[in-house]
């Protein structure tokens, strides 16, 4: 992380919503999701907002040796967005507390504000993070395969 990452940073990201980001595609295994409306799924909306934050921050960190992971999401989902509309995510970095970053978010689909809220991300050392995740997976495997 370099010292130029400061509160006040703003960023805007646009993404045209394809059919495969609608509710039935969120968990194809879910029979319930399969009969729900074909509009932007909340899970995909959250992912889109995370993506916007990642794109905003990457120029200020040692990507890909450093990355950011989401640690908190407080977002509304106020309006349905059918495929074909373009969502614009506008974000502002509100706080930098060590490696914790807090963003304010507003997203619209050109017709309605679809989301407002906050998102927090944490700057990680990618190698250390991956090593911890692999160790956890190995522990879980040991726990589930005990005689």
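Where a number appears in this text, it was derived from the coordinates with a stated rule and is not lab data. What you are looking at is a predicted structure, and each value in this text was computed from that prediction instead of being measured. With ideal geometry, Cβ positions are generated from the backbone for all residues, glycine too; neighbour counts draw on all protein chains shown.
With all projection directions averaged, the alpha carbon convex hull of the chain covers 10.9 nm². Distances between every pair of Cα atoms in segment 1-42, grouped in 5 Å steps from 0 to the bin holding the largest one, split as 5, 20, 18, 11, 7, 8, 10, 10, 8, 2 percent.
Modelled spin labels at residue 30 and residue 72, positioned 7 Å past Cα toward Cβ, are 2.5 nm from each other. Calculated FRET efficiency, residue 92 to residue 134, Cβ-Cβ distance, R0 = 41 Å: about 0.70 to the nearest 0.05. If you take the Cα centroid of segment 1-73 and the Cα centroid of segment 90-147, the two points sit 10 Å apart.
Averaged over residues, the count of other Cβ atoms within 10 Å places the peptides 113-120, 3-10 in the sequence 113-120, 3-10, highest first.
Only counting other Cβ atoms within 10 Å, I'd like 145, 77 sorted with the fewest neighbours first. Please list the in-between numbers first.
Numbers: 145 7, 77 18.
By the 10 Å Cβ count, ascending: 145, 77.
The calculated P(r) of segment 102-147, using every Cα pair and 5 Å bins from 0, goes 5, 16, 11, 10, 10, 10, 11, 10, 8, 5, 2, 0 in percent.
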